[in-house]
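The structure appears right after this line, and notes come after that.
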Amino acid sequence: MDKFVIKGGKPLHGDVHISGAKNAALPVLASALLVEGTSTFHNIPDLMDIKTTKKLLCNLGVEIEGGETIRINAEKITNHEAPYDLVKTMRASILVLGPLIARHGVARVSLPGGCAIGARPVNLHIKALQELGAQVELNNGYIEAKAKKLKGADIYFDIPTVTGTENIMMAAVLAEGTTVMNNAACEPEIVNLADVLKGMGAKISGAGTDAITIEGVTSLKPVEATIIPDRIEAGTFMIGAGMTGGEINIYGCNYHHLEALINKLREIGMKIKPIKNGLKAVGSKKIHSVDIKTLPYPGFPTDLQAQMMAYMSVGTGLSVISETVFENRFMHVSELMRMGADINIQGGSAIVRGVPALRGAQTMATDLRASASLLLAALVAKGTTEISRVYHIDRGYQEIEKKFSALGADIRRMTQ
């Protein structure tokens, strides 16, 4: 099992290139199941979740070749089951449910696993599929769904759900009639998926808003498409530049996908400006503490909450960080406190009082974004920090230690 060993105190300087977005790539790869033929996708990140998805698709009978550019031949689907052994490590595995039942009328998908940051119930997926005419049952830990032909319907999500919106979008593109999804999620990753589906011949309007309309078609064709850059990876490097008082150019990111974060970073005192093909992030000597409340897009992303808490741990005042998306996403707090952070949990909020300095310590990653927050804290801590269980960070960041090292960080990956 690998760990990171980090010596803090070095400002970040230089250029970094952002990889394709994991949360965009996963539904796009699943969408290939809708098509008889070979689709080609570019800018695929090299991550554990991507590798798991490729194994899952191959288990369904799909042929896959390539790395950063992947070609998926889903001409023949020989299996309609996503087994527990593959699904247990990644919640996004449920994204094969919609395409399988849309194209083949049957699917058996294990209830998903992944980071333990909240319940994230699949009942919203199930309810929406039932409204499209599917018969859905839960048996022995599996979602079993079947339908001779899905029918368009008006669907309302009780809460915005990213994977729910993506799953039902993929199911509805081959349904008879028109489907309208209300209170849909608005994330850029959903827009990316909609653009891919439209490239296949789907008729979709409203993606990026809370009301998406889909007119079903009888068949789709293969597509060639590119995955959008990872806004969470870009945000993590922006925060790193600010915490260390550094200056970095971040290439391959979309400025408009990061506006909620950029507004907060400017309040803190950072300078953020667009450059060709990216943006420049410059830290400030004084770190002004700010309050943060996570919300569905275009609000402040929950996937950057842990990183911002690390930032506020070395701020000059008091910050209130409220988590409204996932109820169990403060597991990094105890690890940050081991490094000297002053944090008090009160319900769904964390009260963070900035301290003059953090101290190196032995820490343990508990989930994907928590591991990123510990890495950022280690960059500014006095002394050496060890972060164990970094397989969590490998799920969502491609070669993160190499990218930070190239910016001047003293970080090494070691096998325990």
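Before moving on, here are some points about what is shown:
- Where helices (runs of 4 or more DSSP H) fall wholly inside region 331-416, the ranges with 3 or more residues that are within 29 Å of residue 317 (Cβ to Cβ) and touching a residue at least 12 places away in the same chain (Cβ under 8 Å) are 333-338, 368-380.
- Residue, surrounded by the most Cβ atoms within 10 Å (Cβ to Cβ), within region 33-46, restricted to residues that are out of contact with any Ser or Thr (no Cβ under 8 Å at 6 or more places or on another chain) and not hydroxyl-bearing (Ser, Thr, Tyr): 34
- Residue count, region 154-173 (criterion: buried (at least 21 other Cβ atoms within 10 Å of the Cβ), charged (D, E, K, R) and outside any helix (DSSP H, G or I)): 0
- When 268, 248, 239, 275 are screened for being at negative phi, surrounded by fewer than 17 Cβ atoms within 10 Å (Cβ to Cβ), among the hydrophobic types (A, V, I, L, M, F, W, C) and touching a residue at least 24 places away in the same chain (Cβ under 8 Å), only 275 passes.
- In region 88-124, the residue that is modelled with the highest pLDDT out of those that are small (Gly, Ala, Ser) and surrounded by fewer than 22 Cβ atoms within 10 Å (Cβ to Cβ) is 105.
- Helices (runs of 4 or more DSSP H) within region 1-102 that include 1 or more residues over 19 Å from the mean Cα position of the chain (by Cα) and over 19 Å from residue 232 (Cα atoms): 48-59, 84-87
- Within the option set 316, 324, being hydroxyl-bearing (Ser, Thr, Tyr), in contact with a strand residue (DSSP E or B) (Cβ under 7 Å, 6 or more places away or on another chain) and surrounded by fewer than 24 Cβ atoms within 10 Å (Cβ to Cβ) holds for one residue only, 324.
- Test: residue in region 288-302 that is part of a helix (DSSP H, G or I), modelled with pLDDT of 95 or more and in contact with a strand residue (DSSP E or B) (Cβ under 7 Å, 6 or more places away or on another chain): no
- Helices (runs of 4 or more DSSP H) completely within region 174-287 that count 1 or more residues being in the same structural domain as residue 134 (by TED's automatic domain parsing) and under 26 Å from residue 106 (Cα atoms): 188-200
Yes or no, residue by residue, for (1) under 16 Å from residue 166 (Cβ atoms); (2) in the same structural domain as residue 358 (by TED's automatic domain parsing):
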position	(1), (2)
7	no, yes
40	no, no
49	yes, no
61	no, no
71	no, no
76	no, no
84	no, no
92	yes, no
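The values are calculated or read from the model by the stated rules, or taken from the named source; none is laboratory data. Quick caveat, the model's predicted, so the values are computed rather than measured. Glycine gets a Cβ as well: all are built from the backbone with ideal geometry, and neighbour counts include every protein chain shown.
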